[in-house]
Each structure stands twice: as structure tokens, then as C-alpha cells.
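One structure is given below, encoded as C-alpha cells.
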Amino acid sequence: MKIGIACHSVYGGSGVVASELGLALARRGHEVHFISNSLPFKLESYQSHIYFHEIEQLSYPLFKNDPFTLSTAVKMAEVAEYENLDILHVHYAIPFAISAYLAKQMLQPRRRIKVVTTLHGTDITIVGSDTSYFDITRFAIEKSDALTAVSNSLRDATYANFKIEKEIRVIYNFIDPNRYKREFCPDRRRDFAREDEKILIHISNFRPVKRLEDVIRIFHHVRRQIPAKLILVGDGPDRWHSQQLVKNMGIQKDVIFLGKQNCVIGLLSISDLFLLPSESESFGLAALEANACETPVVGTNSGGLPEVIRQEETGMLRPIRDVKNMGKDSLRILTDPDLHQYMRDASRRRAVEHFSEDAMLQSYESLYQKVFDND
Ligand code: GMT
């Protein structure tokens, strides 16, 4: 098939899923056209059957900002027509599902294009739930030809919030188990920690929903009992405030702010524990990536995380803000070598058995076919 994929290219789970999906579809022989405002970072090297179309900004003195929804619609229509796309798969409802709807209307009646929208989380739980965006998000959802959500929790939240009747198919986030696996890299480990120190890690876009302050407080609890280091990967609005907290706690030498990193497998491979105490997490792709690299997770039982993490097997989950118990859980895992090894093995096994790329790819392909045939 000829598939257009629209996604946000910035550092974030929806862009990662969209890019990995497109790359995998191309490996299976589909022609994939990415539509985004800049090249998603996973696509930096050439791969056959992959094409990239940059959304051009439209500036004009009368416009205060670039009308991104419209520039995206124009690009989608242009690509769909020129490349004869069968499917336009948009990742994140706002603005892409709206742009896709506009593109579809612009092309009719000479070209019929089917729109599949994948809901990723904050497009529903934060942006879509904001009163000013509520109606347009519901409109975007209703006008899509097919909808997917990345967890049962997100599907249920969408039904509950928007009172829609449309079927939402759950297709989980996934990993390629041949790439996401623990690497043996003692030299890299020595860059961060001494032999006797444990390494805790957190990866995100440092937005308030990730509760970075809780990550630091959980680590502080651990650090008071055992030698340990915390690696923070990512960047975002909460970085400065978190750096101040680390300074005030006097743990600067134990907390490493690494900034954004493109490839996290090497960092997950040297880590003993992943922390994800989010306020809401529709799935938690970072937690799955950690598990695939044999790193158990301590986090919150919010949103879709309980569908990913199995309690006492691949991690331990607690209510949001329960920093004290998340600290205790972390210590329990890190100070009991048998439990830690058991959880490492279970984490890898569950990631491979339940969240492998092949199964999710087949689900997307069969959905595309169903939507395409349904005229
Ligand atoms: O994690 C983020 O805040 C980024 C965000 C995004 O849309 O780029 O991630 C969401 O989508 C990911 C991929 O489907 C999910 O794994 C994340 O759980 C979800 N984030 C939240 O719900 C906060």
C-alpha cells in the first residue's frame, strides 16, 4: 500500500511510534510517505521505500503565527494526490486529524483518501480535555475513518470524555526485540558510576505530567540508603526547576542531566532501574523500552501503565505522588539481587512476548486493509 504518516517530529512518544511504524511498514514492502514539519529523528539515515515531505511554513504579515493546521492540510492533499496515497495515518489528534479531514475534503471527488487516527494520550487527556479544544477534538475523532488508541485505558478515557460511538481499536506501542535488547557495555557504565553504585534512569520530555520532581525525590530516598546515581535523559520546561531542587538537596554530583539523546538503548543497558512516576501515562513507551533492555520499572499505576508493567514481576506501581513507597519499592528491588534478576528476566520476556513489533504491525496492516476495502 501507499501510506502517508503524519506526526510531530519533536522528542516525544507519538513521533517515535509513528517513525518506527513507518520504518517497519517500509521493510515489509509498503511505500511510506512521512509528512512532518521536520525530519523525525529516527529517519536520519536512508531506507528504501521511505519518503519525506516537509510541511512548509506559511508566513504573511497578517498572520501572527504560521497557520500550521492549514499548511499541514495543504501538504497532505498535495502528497496524497501526487503520490496516490491509499491511507493517511495521523498520529496525535490535534492538529493532524483536522488537517487530514480538510485534505480529504479538498481532494473530493477526484481522489478518495482514507484517514486513520491514532490517539496517543495527551491529545485526549490534556489537549483534548481543555474546554477550548474539546469540541474540535471530538470532531476530529468522529471524522476519522478509523481510530486506534495505544491502550485500553486511553480507549476508555476517550469514550468516557467524548461520549462517542465509533469503534476504537487498541494497538499497543511496540519494540523491535532484535534492536531493543540489553547491550554489554562496562566502559559506558564506568562513565557514570562506580562498581558499587546502582544506576537509576528516567527518560522523558520533562513536562509537568512526568512529575520530574518525584523522580528526584524517589532517587533521594534511595541515595540516602545506598550508593547510587540518577541519569536524567531529555529536556523540557521542568528542567530548570529540577536542577534547582537537585542543588538544594545537595545531590548535584549524583544526578546527571544528560539532555536529549537519540539512542537510549545504550543508556538503558547500563541502568538498574527505570523511574516513571507520571501523573498520567496512556501507555509509557519509555517503560516498555526499559523492560526490553532488562530494566524493571518503578512508577505510578496511572492510565495505561498497569497494562504494560506487571506488578512485582516487571516493576512496581503505586498511586500518583506516593513518592515514599516508590522509594521503598526501588530500594527493595535494588538491594535484593535475586528479586532484581527475577524482574530483569521477566521484564525482557514480557516485552518480547506481548509487545513485539510483528504483532502490532499485523494489526495496523489489517486495519488499513479493512478501511481501504470499506468504500
Ligand atoms: O510522553 C509524552 O509526553 C509524549 C507523548 C506524545 O504523544 O508524544 O507520549 C504519549 O504517547 C506515547 C506513544 O504512544 C505513549 O507511550 C505515552 O504514554 C504518551 N504520554 C502520555 O500519555 C503522557
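Could you check region 40-59 and list, in sequence order, the residues that are among the charged types (D, E, K, R) and within 16 Å of the ligand (Cβ to nearest atom)?
Across region 40-59, the qualifying residue is only Lys42.
If you go through region 87-127, how many residues are of a type in the set (Gly, Ala, Ser) and closer than 23 Å to Ser153 by Cα?
Residues that pass the stated criteria total 3.
Go through the residues of region 26-39 one by one and say whether even a single one is among the hydrophobic types (A, V, I, L, M, F, W, C), within 16 Å of the ligand (Cβ to nearest atom) and not assigned by TED's automatic domain parsing to the domain that holds Phe283.
Kept after step one, since they are among the hydrophobic types (A, V, I, L, M, F, W, C), are these residues of region 26-39: 26, 32, 34-35, 39.
Then keep just the ones that are within 16 Å of the ligand (Cβ to nearest atom); that gives 34.
When the remaining residues are screened for being not assigned by TED's automatic domain parsing to the domain that holds Phe283, the result is 34.
The answer is yes, given that some residue of region 26-39 is among the hydrophobic types (A, V, I, L, M, F, W, C), within 16 Å of the ligand (Cβ to nearest atom) and not assigned by TED's automatic domain parsing to the domain that holds Phe283.
Restricting to region 49-90, name every residue that is assigned to a loop (DSSP other than H, G, I, E, B) and loosely packed, with under 14 Cβ neighbours inside 10 Å.
The answer is Glu56, Gln57, Leu58, Ser59, Tyr60, Pro61, Leu62, Phe63, Lys64, Asn65, Asn84.
Within region 334-375, how many residues are open to solvent by less than 50 Å² (accessible area, probe 1.4 Å), within 25 Å of Asp145 (Cβ to Cβ) and not small (Gly, Ala, Ser)?
Matching residues across region 334-375 total 8.
Would you check if there is a residue in region 72-87 being within 13 Å of the ligand (Cβ to nearest atom) and in contact with a strand residue (DSSP E or B) (Cβ under 9 Å, 6 or more places away or on another chain)?
no
Taking the condition in contact (Cβ under 8 Å) with a residue 24 or more places away in the chain, within 23 Å of Ile141 (Cβ to Cβ), more than 16 Å from the ligand (Cβ to nearest atom) and out of contact with any His (no Cβ under 7 Å at 6 or more places or on another chain), does Ala93 pass?
No, not satisfied.
Only residues that are at pLDDT 90 or above, in a loop (DSSP other than H, G, I, E, B) and open to solvent by 10 Å² or more (accessible area, probe 1.4 Å): list them for region 123-158, please.
Correct list: Asp145 only.
In region 38-65, what count of residues is obtained for those that are under 26 Å from the mean Cα position of the chain (by Cα) and over 14 Å from His8 (Cβ atoms)?
So the count comes out to 12.
When region 305-343 is examined, which residues are found to be in contact with a strand residue (DSSP E or B) (Cβ under 7 Å, 6 or more places away or on another chain), assigned to a helix (DSSP H, G or I) and within 16 Å of the ligand (Cβ to nearest atom)?
Residues satisfying the conditions are Leu305, Pro306.
Is there a residue being open to solvent by 60 Å² or more (accessible area, probe 1.4 Å), within 12 Å of the ligand (Cβ to nearest atom) and either under 18 Å from Ser269 (Cβ atoms) or part of a helix (DSSP H, G or I) (or both) anywhere in region 181-200?
Checked region 181-200: no residue is open to solvent by 60 Å² or more (accessible area, probe 1.4 Å), within 12 Å of the ligand (Cβ to nearest atom) and either under 18 Å from Ser269 (Cβ atoms) or part of a helix (DSSP H, G or I) (or both).
Quick check on my filter: what residues within region 272-304 are within 7 Å of the ligand (Cβ to nearest atom) and open to solvent by less than 10 Å² (accessible area, probe 1.4 Å)?
Ser278, Phe283, Gly284, Gly304
The values are calculated or read from the model by the stated rules, or taken from the named source; none is laboratory data. Note that this is a predicted model, so its numbers are computed, not measured. Ideal geometry is used to build each Cβ from the backbone, glycine not excepted, and the neighbour counts take in all protein chains shown. The area values use the complete protein model at the heavy-atom level, side chains included, leaving out ligands, DNA and RNA. Shrake-Rupley method; radii C 1.70, N 1.55, O 1.52, S 1.80 Å.
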